[in-house]
Amino acid sequence: MAEERAEYIGKVFKSGNSAALRLPKGLGVPEGTEVRMVQEAPMTFRVEPVAQPRKTIDVSGFAGKAPWLKPLPSELREFEERPSTIAAREAVEREAARKA
């Protein structure tokens, strides 16, 4: 089955020191999308979205906000095993017992 393509006609115009081309709404490019333009041949271009970097949270300002909290000593850092870890360990033990 052939891929259906939409065709649009546009006109290049001057915007500052740049040549600009409006992208019709029908192309479905969301407003504010950062794009990369690659020239593949004279007057032939590929437009693709730029991958957005993952957003990070700056936690440097959190230090000292709860001075009453102290790090746990290593002897108190005990956590219960996850049910999935227990099940996996038991499955390995059952398999070893079956082979013995």
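Quickly work out the residue 22-to-residue 75 label distance, labels modelled 7 Å from Cα along the C-beta direction, and quote it in nm with one decimal.
The two pseudo-label positions are separated by 7.4 nm.
On a full-extension model of 0.36 nm per residue, what is the gain between residue 15 and residue 38, subtracting their alpha-carbon distance, rounded to one decimal in nm? Spell out each step's value before the answer.
Numbers: separation 23, 0.36 × 23 = 8.28 nm, distance 1.97 nm.
Gain in length upon complete extension: 6.3 nm.
Send over a whole-number figure in Å² for the accessible area per residue of the chain, probe 1.4 Å. The partial results should precede the final answer.
Working: 10530 Å² over 100 residues.
That works out to 105 Å² per residue.
Heavy atoms only, probe 1.4 Å: what % of the accessible area of the stretch 32-96 goes to carbon and sulfur, would you let me know?
Details: 3920 of 6540 Å².
Carbon and sulfur together cover 60 percent of it.
Any idea of residue 33's accessible area? Nearest 10 Å², probe 1.4 Å.
Approximately 60 Å² for this residue.
Starting at 0 and stepping by 10 Å, how many percent of the alpha carbon pairs of the chain end up in each bin?
9, 19, 15, 11, 14, 18, 13, 2, 0
Let me know the charge dipole size of the chain about its Cα centre in debye, to the nearest 20, where only the beta-carbon of Lys, Arg (+1) and Asp, Glu (-1) is charged.
Approximately 300 debye in magnitude.
Taking 7 Å along the Cα-to-C-beta vector as the label spot, tell me the residue 89-residue 51 distance in nanometres, rounded to one decimal.
Those two pseudo-labels are separated by 3.8 nm.
Spelling out what I want: for every residue of the stretch 78-95, take phi, set θ = phi - 60°, compute 6.51 cos²θ - 1.76 cosθ + 1.60 (Karplus), and round to whole Hz; glycine and proline get x.
Result, rounded to whole Hz: 10, 10, 5, 5, 6, x, 5, 5, 4, 4, 5, 4, 5, 5, 5, 5, 5, 5.
The values are calculated or read from the model by the stated rules, or taken from the named source; none is laboratory data. Quick caveat: nothing in here was measured; it's all calculated off a predicted structure. Cβ sites come from the backbone with ideal geometry, for glycine too, and all protein chains shown count toward neighbours. For accessibility, only protein heavy atoms count, side chains too; no ligands or nucleic acids. Shrake-Rupley method; radii C 1.70, N 1.55, O 1.52, S 1.80 Å.
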